[in-house]
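Just so it is clear, none of the values below were taken in a lab; they were calculated from the coordinates. For clarity, every value in this text was computed on a predicted model and none was experimentally measured. Quick reminder, even Gly has a Cβ in these numbers, built from the backbone with ideal geometry, and neighbours come from all protein chains shown.
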DNA sequence: TTGAAAGCGCTAACAA
DNA sequence: TTGTTAGCGCTTTCAA
């Protein structure tokens with residue numbers, strides 16, 4: 001038999017009355033806290049189930065001054081990379097009783113501020129947020145919150161508390177090394193319109209630095225606005241090669257536009273990787289299965305999520321210097337000779 | 001100057017003392033509620049900002065018995081379709097003061113139960129969840145919650161409260177109509193291993209029903225486990241055609257495996273859409289830019305998110321029969337002749 | 001092992 | 001327009 005629709009939400013007191021056990025003891029049973037006799041325990045659980053009681057965490061959180069939430073603040077969900085990071089986070093949080101709550105900023109610092117304010121107002125046990133660049137107000141809020149704060153994805157900068165990620169500067173530089181090592185010399189770059197995307201900017205900086213150190217200039221760049229897609233990659237690749245037909249390598253700021261470029265170039269009958277080499281960034285496996293595998297860098301998304309979660313959960317200690325730098329890994333693919 | 005790290009979290013009282021205004025009035029200012037003189041208002045805001053005060057929603061929610069959260073429960077984030085749904089939801093919630101909170105079930109009914117229990121314990125103002133199939137206990141919880149519950153994606157079934165989605169039965173049947181209309185007769189199906197994916201199952205049922213009505217049998221099916229990817233699509237397509245070389249059409253349960261099949265078939269030099277036609281499902285735009293555009297059905301993800309959110313937010317009334325059926329839309333592409 | 005009292009930080013309702 | 005009082009539903013603390 002289904003209990004009828006309640007007019008008033010159920011409270012501990014209802015369970016207490018139904019079971020003839022004090023509220024306090026009901027509370028203990030429902031949280032598996034303290035010693036309760038098996039008999040009492042059974043009575044309480046039966047009553048709670050019969051009523052369909054769901055504890056009120058609002059009240060519980062207020063009374064205990066603790067809330068089992070971890071705020072996770074990321075720029076976007078449609079980016080392919082963040083679902084992986086989230087996967088790592090929730091896998092690692094799973095056995096801790098902590099729950100991730102996700103907020104999305106759409107790469108806007110003002111929006112990030114709002115999202116942080118909203119999340120902090122729930123008094124979470126920790127914060128994981130993408131990037132090291134935040135507004136003054138955001139930093140102030142995080143510092144004042146008095147909880148673990150882990151900035152993820154990037155380690156090129158000054159963390160508020162702890163940073164877990166890769167050095168994008170280094171990822172760019174290492175890719176330059178592989179490209180130069182393969183003998184390419186007329187190199188172009190295709191990426192999102194910068195200011196908001198700090199990590200892409202740092203990769204490009206590292207990339208250019210390493211090229212420069214070898215005396216090779218970056219011959220051309222093509223920027224775009226808005227989301228990444230195969231179609232964007234096609235269009236930009238066509239455009240940059242129209243402008244600079246002599247290019248023999250294209251470094252893309254992500255795999256998706258890189259794959260678009262790859263598809264377009266193959267359609268044009270361009271010899272890849274002979275005449276033209278290509279590389280992307282991220283190492284998304286969604287694209288496995290294309291006719292040719294794009295060279296790229298594994299950005300260690302899953303590991304970043306895991307390590308960040310471990311620190312927030314107190315499974316790992318915060319490192320002295322507050323920085324956990326993972327190694328970006330070059331994935332050769334078929335598009336570098 | 002930065003305020004020093006607080007030992008004790010700030011409360012309204014701190015703002016009250018710092019500004020010389022009563023707690024109640026501070027509360028009013030911070031919520032823009034009731035009439036407050038501009039002068040008082042200014043005093044309060046200045047003090048709050050100087051201290052770096054962030055209101056405590058736990059306490060607020062308990063006192064007001066209202067919480068501006070909407071629980072959104074979906075099977076997966078890596079599915080490409082759910083980020084779109086979420087986009088629709090948060091776009092529509094944006095000006096309502098309501099905040100979506102996302103929970104992920106990984107297609108497990110038991111996991112769904114846990115997630116729902118956890119979310120309901122925060123006493124959200126409404127619930128949006130994917131699908132019409134839930135455990136007995138989940139249904140009971142939702143019915144007992146006394147808040148708007150919108151089940152999304154699917155309308156083939158009995159909603160707990162309200163359903164917003166497309167009829168997958170109809171989507172399958174309509175696709176069959178287009179395929180038959182184009183003259184294909186030896187048709188195969190490729191999809192995920194069923195039980196957990198009710199919507200794919202319903203599409204297939206509608207598809208077969210419509211084929212059957214035309215006296216055309218479904219010649220072959222190929223199921224797979226685990227996530228979708230281009231690689232999976234290649235592999236399954238190769239396998240089904242090895243088994244049934246005479247097939248002239250393949251209907252895939254999603255665009256990603258369909259695209260994998262498309263890429264593989266082109267590599268084999270198969271004449272598409274002449275010798276072999278292909279269609280997927282969802283209408284994900286991530287894949288725009290492939291050499292050939294896969295025929296598919298737009299599952300109306302964004303609209304579903306928007307309509308669901310409007311109902312939860314009270315912008316739209318709940319329809320009498322509790323069902324908002326959107327029309328799945330055929331997108332022809334280049335893979336049906 | 002169980003229970004009683006106090007109070008978490010805020011807001012509803014009412015009073016001034 | 002501002003302030004006072006009570007209490008939201010739970011857990012902490014202490015006592016039995």
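Output the direction-averaged projected area (hull surface divided by four) of the convex hull of the alpha-carbon atoms of chain A, in nm².
Details: hull surface 88.4 nm².
Taking a quarter of the hull surface, the average projection is 22.1 nm².
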Original post:
Helix B:255-267 versus the longest principal axis of chain B: what is the Cα-based angle in degrees, 0 to 90, to the nearest 10?
Top reply: 40
Subject >> Extended-chain gain in nm, criterion 0.36 nm per residue less alpha-carbon gap, residue B:32 and residue B:266 >> reply: 78.1 nm
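Based on the Cβ-Cβ distance from residue A:96 to residue B:63, what FRET efficiency comes out when R0 is 30 Å, to the nearest 0.05? Numbers along the way, then the final one.
Values: r = 30 Å, r/R0 = 0.98.
So the FRET efficiency works out to roughly 0.55.
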Subject >> Mean residue ellipticity (222 nm) of chain B, computed from DSSP H runs ≥ 4 via -39,500 (n - 2.57), nearest 500 >> reply: -13000 deg cm²/dmol
Subject >> Principal axis box of the range B:12-55, alpha-carbon based, largest edge first, Å >> reply: 23, 18, 15
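Taking 8 Å as the Cα distance limit and 6 or more residues as the minimum spacing, I'd like the relative contact order of the range B:12-55 as a percentage.
Details: 32 pairs, mean separation 19.6, N = 44.
It rounds to 45 percent for the range B:12-55.
Quick check on chain B: of the DSSP beta bridges with both residues there, what percent are antiparallel, nearest 5%?
Values: 3 of 41 bridges.
About 5 percent, rounded to the nearest 5.
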**OP:** Give me the angle, in degrees from 0 to 90, between the Cα long axis of helix A:301-312 and the longest principal axis of the Cα atoms of chain A, rounded to the nearest 10.
**Re:** 40
Subject >> Rule-of-thumb Rg ratio for the range B:168-301 [Cα; 2.2 N^0.38 Å; N residues] >> reply: 0.94
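Averaged across B:51-61, how many Cβ atoms of other chains sit within 10 Å of each residue's Cβ atom?
Working: counts 1, 6, 2, 11, 4, 6, 8, 13, 6, 3, 8.
Counting Cβ atoms of other protein chains within 10 Å of each residue's Cβ and averaging gives 6.
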Original post:
Between copies, how close do the residue B:213 label points come, placed 7 Å along Cα→Cβ, listed in nm from shortest?
Top reply: 6.8
Original post:
In degrees between 0 and 90, to the nearest 10, how far off the longest principal axis of chain B does helix B:198-213 point, with axes built from Cα atoms?
Top reply: 30
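Where a ≥ b ≥ c are the square roots of the eigenvalues of the C-alpha gyration tensor, would you call the range B:73-132 rounded, which needs a/c under 1.5, or, failing that, prolate if a/b is larger than b/c, or oblate?
Since a/c reaches 1.5 but b/c is at least a/b, the shape of the range B:73-132 is classed as oblate.
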**OP:** Pairs of Cα atoms under 8 Å, at least six residues apart: use those to get the relative contact order of the range B:210-337, whole percent.
**Re:** 22
**OP:** For the range A:66-196, report the convex hull volume of the alpha-carbon atoms normalised per residue, in Å³, without decimals.
**Re:** 123
Original post:
Going 7 Å from the Cα of residue B:244 in the Cα-to-Cβ direction, what parts of the range B:218-232 have a backbone nitrogen less than 11 Å from that spot?
Top reply: B:218-223
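If neighbour count is taken as other Cβ atoms inside 10 Å, put B:307, A:243 in order from fewest to most.
Working: B:307 23, A:243 12.
Ordered by Cβ neighbours within 10 Å, fewest first: A:243, B:307.
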Original post:
Taking square-rooted eigenvalues a ≥ b ≥ c of the alpha carbon gyration tensor, is the protein assembly as shown rounded, prolate or oblate, where a/c under 1.5 means rounded and, failing that, a/b exceeding b/c means prolate?
Top reply: oblate
Original post:
If one computes P(r) from the Cα atoms of the range A:31-108, what percent of pairs lie at distances over 21 Å?
Top reply: 53
**OP:** In a Gaussian network model over chain A where Cα atoms closer than 10 Å are linked, find which of A:38, A:245, A:124 has the largest mean-square fluctuation.
**Re:** A:38
Subject >> Exposure proxy ranking, count of Cβ atoms within 10 Å, fewest first, for A:134, B:106 >> reply: B:106, A:134
Original post:
Order of A:119, A:141, A:24, B:17 from fewest to most other C-beta atoms within 10 Å?
Top reply: A:24, B:17, A:141, A:119
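Would you work out the relative contact order for chain A, in percent, from Cα pairs under 8 angstrom that are 6 or more residues apart? Could the numbers behind the result be given before it?
Working: 617 pairs, mean separation 57.1, N = 337.
Here the relative contact order equals 17 percent.
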